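First the structure, in the form of structure tokens, and then the observations on it.
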Amino acid sequence: MFERFSRHFLLILVIAGLAFATAWAKPAAKTIQQSQGSSTALSNQDVLGMIKAGLAPDLIIAKIKSSGGNFDTSPETMKKLQIDGVPGEIVMAMIVAGT
């Protein structure tokens with residue numbers, strides 16, 4: 001009798017634990033997503049600032065992809081970006097983010 005009771009009790013504990021873990025994991029995942037996606041859209045000045053700070057192009061591109069942007073990619077501005085030392089792959093990420 002005691003063994004049967006302990007099995008049922010153990011089963012109830014496992015089910016309760018799974019229910020708690022599932023209920024806890026969803027809000028935690030949502031909080032992480034909100035903190036990652038809470039960035040505002042980037043601008044050309046933001047990109048220039050990251051380049052001047054010495055951030056790696058891969059990091060800047062990842063930030064552009066995750067934040068989106070409100071970029072001026074007119075031909076004249078693209079010429080200025082090249083003069084300012086913005087790598088082509090970053091300009092490409094800016095163009096893609098704006099579409």
| request: Give the residues of region 78-92 that are within 12 Å of residue 44 (Cβ to Cβ) and in contact with a helix residue (DSSP H, G or I) (Cβ under 7 Å, 6 or more places away or on another chain), sorted by residue number. | output: 78, 81, 84, 86, 90, 91
| message | free of Cβ contacts under 8 Å to residues at least 24 places away in the same chain and of a type in the set (A, V, I, L, M, F, W, C): which single residue out of 55, 48, 42 fits that description? | response | 55
| request: Could you tell me which residue of region 46-56 is nearest to the chain's Cα centre (by Cα), considering only residues that are farther than 12 Å from residue 94 by Cα and in a helix (DSSP H, G or I)? | output: 50
| query | List pairs: first in region 61-83 and over 12 Å from residue 95 (Cβ atoms), second among the hydrophobic types (A, V, I, L, M, F, W, C) and not in a helix (DSSP H, G or I), Cβ under 6 Å, 6+ apart or cross-chain? | reply | 67/42; 68/41; 70/41
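Each value in this text was obtained by applying a stated rule to the coordinates, not by laboratory testing. Quantities reported herein were computed from a predicted structural model and do not represent experimental measurements. When we count neighbours, we look across all protein chains shown, and the Cβ atoms used for this are built from the backbone with ideal geometry, even at glycine.
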